[in-house]
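Below is one structure, written out as structure tokens, with a few remarks after it.
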Amino acid sequence: MLRVPLRVLTALVVAVVVVLAVVAVVRDGADPGGGTPRPAVEEGRSRVAPRLPGEVLTTVGVVSYNALRHLPLERARRDWDRLTGRDDVDLIGWQESKSPAFRELYPQYRARGWETWHWPDPDGPISLAVSWRTATFELLDVSFRRMHRGGYPRETTDPFPARWVVTAQLRHRATGRTVTLLNTHVNQHIETEQRFERNLNAERAKQHLARLARMWDTAPGSVVLGTGDYNFDFADDSRAKPAGGIIRAFRGHASSTYQLLGLDGLRPTRNTRWIDYVFVADRSLRKADAEAGSGSGTAQVARHRVLGGYTSDHAPLLARIRLYR
């Protein structure tokens, strides 16, 4: 029988433990290269913002979720059941929601207290949808606007469709507040090492962000929110602040929950990156300083969290938004 010296056996055990630890770290969403801040992966560890002066009327839950268009029906149904079954979710901005599975699921959730707006025609925002809890919200109006045309294989190595912004205007039943959601999906393959790629995808994405920046100021409603897959990591964007990027384009127009609350306790929404966003228009933001006075903005991000257990290649980002009188 082969005899292994004790010191050799001990070294092998230590090596296996180290390898398993590294694998666990990578699976939990940390960047093994150290380029991205390492988050805690447990839900519920993120910062909770203190209440600001003024009366809080209610708190609503807003989710941004790229649902993965290739999901088969039963896997998509499990995600729908899980997300709409949460009592802290009231409004969902979906991306990649054009699949046959999703079109079949939309009407099935009416009996469960949810309604969904979606566009059935490929000549329009077929990949974007908005769902709302009908006991909480009443839909007033929906419009959409094309940000740019698609990029064809002869133009780019990573073709992309035309991109849109869907603007859904709703009335919060209990308070009468008008809440408007701007939902969108920005091109893929636009970021490299904290900078924009030099390709058509990135060029059109910067056009998309510049046009959307102006929409935050003109969208109807006293509470203007946003959801979307922006395909640019917040940690990289906040560190490098590239020209035409999210933070620079939206400065003075809208702020993400990441900017307002930070990344502490927040797992990435896709692999090692925070690319799925919830925004509040700056004109809607409640201010903390005394100069803002009691008549300042109507909305405050109370907390945010990235939800686990879903089958898409993205995880849903949930923000709890306080509405003030």
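Values in this text are rule-based calculations from the coordinates and carry no lab data. Just so you know, these numbers come straight off a predicted model, no measurement behind them. Heads up, the Cβs are rebuilt from the backbone with ideal geometry, glycines too, and the neighbour counts pull from every protein chain shown.
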Theoretical gain in end-to-end length, R214 to V48 [0.36 nm per residue, Cα-Cα removed]: 56.8 nm
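Going highest first, how would you order 178-185, 234-241, 262-269, 67-74 by mean Cβ packing within 10 Å? Can you show the working numbers first?
On the way: 178-185: 24.6, 234-241: 18.6, 262-269: 20.5, 67-74: 16.4.
Averaged packing, sorted descending, gives the order 178-185, 262-269, 234-241, 67-74.
Quick one: net charge around D79, please, counting Lys, Arg +1 and Asp, Glu -1 for every other residue with C-beta under 13 Å from its C-beta. Working shown, then result.
On the way: positive: R69, R75, R77, R78, R82, R86; negative: E74, D81, E96, D313.
Charge balance in the 13 Å sphere: +2.
I need to check one value: relative contact order of region 179-252, counting alpha carbon pairs closer than 8 Å and at least 6 residues apart, in percent. Could the numbers behind the result be given before it?
Working: 94 pairs, mean separation 33.0, N = 74.
Value for region 179-252: 45 percent.
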Cα Rg over Rh - region 31-324, Kirkwood: 0.94
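Once you list every other residue whose beta carbon is under 11 Å from the beta carbon of T134, what net charge do they have if Lys and Arg are +1 and Asp and Glu are -1? If you can, show how the numbers build up before the last one.
On the way: positive: R110, R112, R133, R173; negative: D90, E115, E138.
Local net charge: +1.
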So what is the relative contact order for region 31-324, in percent, with contacts set as C-alpha pairs under 8 Å and at least six apart? 25 percent
